[in-house]
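Nothing in this text is a laboratory measurement; each read-out follows from the coordinates by a stated rule. Small disclaimer: the values here were computed from a predicted structure and weren't measured. Cβ coordinates were reconstructed from backbone atoms using ideal geometry, including for glycine residues, and neighbour counts include every protein chain displayed.
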Amino acid sequence: MLLGKPTHIECYGAGSKCYKAVSVNIVTNSNFETIAVTTDTFDLTSDDFFLMPDRSLDYVDENNNRIFLNIPEQLVYRDTTTLQFTFTGLFFSTTAAYNND
């Protein structure tokens, strides 16, 4: 339900059911926290918020090691100036922290 109306919102599904892709810049902020900021204004959604489920994204780093970027569940809001989303609490590990279900 959104504003009292049944609404389909893409990409809130579990596991591999979501094929939405978005580019982010991963940086360490002034508090030494790893964050990700979207690089395109409306790739993720045109809404002002996004409910991010907890996810562990695996990839191979520059040394050919398999590592995981772990993103905890969070509700993120679009920045009113930059119009980007910022995901916080990210961390890297050698195993998945979340089961992506």
>> If I model a spin label as a point 7 Å beyond the Cα along the Cα-Cβ vector, how far apart are those points for Asn65 and Thr94 in nm?
In response: 0.8 nm
> Rounded, prolate or oblate: which fits region 33-91 when a ≥ b ≥ c are the square roots of the eigenvalues of the alpha-carbon gyration tensor, with rounded for a/c under 1.5 and prolate only if a/b beats b/c?
Replying inline: prolate
> Got the relative contact order for region 20-101 handy, in percent, Cα pairs under 8 Å and 6 or more residues apart?
Replying inline: 31 percent
